[in-house]
Every structure is written in structure tokens, then in C-alpha cells.
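Comments concern the structure below.
The values are calculated or read from the model by the stated rules, or taken from the named source; none is laboratory data. Predicted model only: the values in this text are computed from it and were never measured. Methodologically, a virtual Cβ is constructed for each residue, glycine included, from the backbone with ideal geometry; neighbour enumeration extends over all protein chains shown. Protein only, heavy atoms only, side chains kept; ligands, DNA and RNA dropped before computing areas. Shrake-Rupley method; radii C 1.70, N 1.55, O 1.52, S 1.80 Å.
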Amino acid sequence: MSDLKKIILLLLTIFVLSGCQVKYDLEFKDDSLIENINISLDKKLENQINGLKKFKAYANFDNKYQNLYNSEFYEKGSNFIANYNYNYNFDQFRYATYINTCFDAFSFIEQNGEYIISTSEGFKCMVFEYSKVDSVQVNIKSNHVVIESNADVVDNDVYTWNIDDDNASNKRIYIKFGNVKEYTLLEKIGMYIKENILMISIIFGILITIMLTLSIIIFISKKNNEI
């Protein structure tokens, strides 16, 4: 193992603390790849949490690209959440630190108008000495057409791989994309409603309230006029 690989593994040990869960989201949108990593652990683990807060996490680690993740920390119920995110362009993503470290081999290539994300078999970030993660969920979403994948679960446009101690040794990620999807007007409207359902619900609720209030005012006004 190269010295650089050892350094990266050492830096990323904070990602594999005992009793934590990792949720890895990747959105391949047009020519950008948006990576979002959520690490959840019990907020009683003060030493580990302090380590996360001080840790400088590199989104990519290469002579050409050495950029830090955008990071955010917050509490949710009984858990402490560390969020790391970064927007890659096409050339940068092949140097993404987390996915390169967790597999012996990783590639992201464009070939004859198709895009392929592929790893070797065996997820390496479940165990480090005496520390481990309980589970890792990898979600990949794209506005490109997905031609094929080996995902465990497919839910609409989200392709999911569930990794744990039992399957980590033979887990491999493979997904092939085509061109950006062309949506009909009705599909675009449906997507907009789905993405903005909370805002639309609030606006709809306000409109209903206004209409009911006006109806009551008109009704009372008519009653008063009849008297």
C-alpha cells in the first residue's frame, strides 16, 4: 500500500467509528457530480464528535486537486450528524477521496457517449482496527438515463446499495448512464410538484384559508343586509 493511501486511510478512520451509520448520496446532474455524506453517531460519544469537528476532510486528494469538503455539524434527536458535501466537475470526481479509499479500484469514465461508475469488489471502510460502522447506504441519483446497474434497490430515479458486515467483502458498485433524460411537460410538472410539495401545500393551505374567510365574510354580510 502506498504512503498516500495509508495517509488517506488514517485521515478517514473518523468515518468508521463504532456504532455509526454512513449515508452516501451522489447526484449525477448534467455534467456535475454532487456528493453528500452524512455520518450519524450517538451524541454521547463526545471524543469522537470532537474529533469530527476538528478533522480536515479532503473531498479529493491528488496533486491536481486538494480541496476540503464543505462541512456542517448538528444534532438530531439522540444523534450527532456530521455532513460533508462537495460539487465535482467531471474531471475531479475520479479523484474523490471517500470512494477511492473505500475500494481498491474506482473509475468514472465516459465511453461512446455513456458514463460508467465502477468499483472493484470489496468495501474497505467497514472495519479499521477495533472500530467499525454498523451500516453504509450508497444512493446514486441522476437526470441521465440509467442503462444498467447492480444496485440492491431501485426507487424511481434513486439506485441504492446497502452495505453491512455480512456483504462488505463482496460488495461492488456498478452503474452505466446514457444521455440526459428528456421529460414531457406533464412529467416536468409532476417532478416540480414532488420536489416542492411542502411549499405547494403551504400555499394551497393559505389560499383555502383566504377563500373560506372571504366566504364567511360574504355570508355574514348578506345576513346583515337581510336584517
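Quick look at the values:
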quantity: By average C-beta atoms within 10 angstrom, highest first, the peptides 157-166, 135-144, 47-56, 87-96; calculated: 135-144, 87-96, 157-166, 47-56
quantity: Extended-chain gain in nm, criterion 0.36 nm per residue less alpha-carbon gap, I202 and E110; calculated: 28.9 nm
quantity: Per-pair calculated FRET efficiency, R0 = 41 Å: I216 and K29 via Cβ, rounded to 0.05; calculated: 0.30
quantity: Sequence of F204, F103 from largest to smallest accessible area, 1.4 Å probe; calculated: F204, F103
